[in-house]
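Each remark here refers to the structure printed beneath this line.
Read-outs: derived from the displayed coordinates by stated rules, not from any lab. Because the structure is predicted, anything quoted here is derived from the model rather than measured. Cβ atoms come from the backbone with ideal geometry, glycine included; neighbour counts cover every protein chain shown.
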Amino acid sequence: MGSTNVIISSGVQIKLTNIGIYFLLPLSVLVGFSLASQAGVNSQLRLALSNPIQAAFISFLIGTIILGVIALLQGGTWFKANSLISIPWWAWLGGALGAFNIAMSVFLAPKLGSMVLAISIVVGQIIASLILDQNGWLGYPKIDITPNRIIGALFVLIGLILVVKK
């Protein structure tokens, strides 16, 4: 079956074989389609509102409402006793990072175009991911940087250079 990876989500450990990972990859690709589309949609909202921050706010507001409805439909308690005080300080930064990401995408999309925006975001994600995995930071499993990972990252970086070059 090949090697296994352990994914930890909400304290649950799941072992995935390489085959299992390949079944999850289409979902990741779907997220990529969604991100590329989201930047374009939010860029059009920016044009209509003439303000990138207002467009980002509307985008977050709609997402917050949708997630709120889903959370309410799931039922159950929202916060377990002492759960809020046990959360590390840096875990609260996700919303701020999301606001930055959306606002910058709204600002950059009409200037860079979809392809350059997407691949430059991916390059940033890859560089950060190499560092996060190598050190096991932010709850990621510790995964050493290997020659294959470096070569893969370099291919994406070369792709960025090729896409930007006119």
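Mind telling me which of the residues 157, 117 ends up being surrounded by 12 or more Cβ atoms within 10 Å (Cβ to Cβ) and under 29 Å from residue 47 (Cα atoms)? The match here is 117. Taking each residue of segment 128-143 that is farther than 20 Å from residue 89 by Cα and without any contact (Cβ under 8 Å) to a residue 12 or more places away in the chain and looking for partners that are acidic (Asp, Glu) and exposed (fewer than 13 other Cβ atoms within 10 Å of the Cβ) with beta-carbon atoms closer than 8 Å, six or more apart or interchain, yields 134/144.
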